[in-house]
Amino acid sequence: MTSKMFFYGRVSSKEQNEERQLHQARELGIDERDIYIDKKSGKDFDREQYQLLKRQLRPSDILFISSIDRLGRNYDLILSEYRSIVDMGCDIVVLDMPLLDTRNIEGGLTKKFISDLFLQVMSYVAEQERLNIRARQRQGIDIAKANGKFKGRKRIDRENFAEVYSTWKTGEITARQAMNILNLKPNTFYRRVKAYETAS
């Protein structure tokens with residue numbers, strides 16, 4: 001069966017530039033009509049171009065992506081989606097992660113097992129990193145309190161708010177986590193969100 005090559009890319013917003021990913025696809029010699037790019041958050045797979053791409057995939061086709069987070073930000077969903085594509089009989093090539101090139105793995109069950117194992121390790125590492133960040137923040141506050149240097153809620157500068165806002169909007173953290181990072185109550189957080197979105 002003849003293999004066909006596809007490329008999927010994603011940027012989180014219309015303001016971001018997808019040119020780097022398009023360049024990678026063209027370097028691979030992938031036909032323009034087989035390149036699919038979404039300009040949408042990676043919080044879920046409700047994306048027009050991605051769903052259109054999946055309808056085009058056939059067994060033995062090869063799907064290229066620049067990095068695993070282009071599929072999405074939610075690692076449980078990524079794992080499920082990755083499995084579904086492999087189960088279709090397609091290969092997946094993650095360009096910045098050679099271990100996630102299923103063309104190099106012989107046998108259907110072995111391919112599925114190795115892919116699952118590696119993705120689960122990635123998911124675990126990502127989740128632990130999120131937990132570690134929160135633990136370090138909590139530890140820093142506790143040390144500051146013990147030394148009498150903790151002044152309570154501090155003024156949130158626009159740059160810091162923008163970074164946390166972006167992380168929240170792409171689905172990497174929940175609204176509650178964003179509030180905790182910024183040390184804001186819900187009504188204050190959403191008031192700042194509204195003001196920020198109006199000004200942007």
Given backbone amide H placed at 1.01 Å from N, residues whose amide H is under 5 Å from that of ASP38, ignoring those fewer than 5 places away on the same chain, are GLY9, ARG10, VAL11
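Counting heavy atoms of the protein chains only and a 1.4 Å probe, report the per residue accessible area for region 31-106 as a whole number of Å².
Values: 3590 Å² over 76 residues.
The answer is 47 Å² per residue.
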If you average the alpha carbon positions of region 43-68 and of region 180-200, how far apart do those two centres end up, in angstrom? 34
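The values are calculated or read from the model by the stated rules, or taken from the named source; none is laboratory data. Here the structure is a predicted model, which is why all the values come from computation and not from measurement. Only protein heavy atoms, including side chains, enter the accessible area calculation; ligands, DNA and RNA are left aside. Shrake-Rupley method; radii C 1.70, N 1.55, O 1.52, S 1.80 Å.
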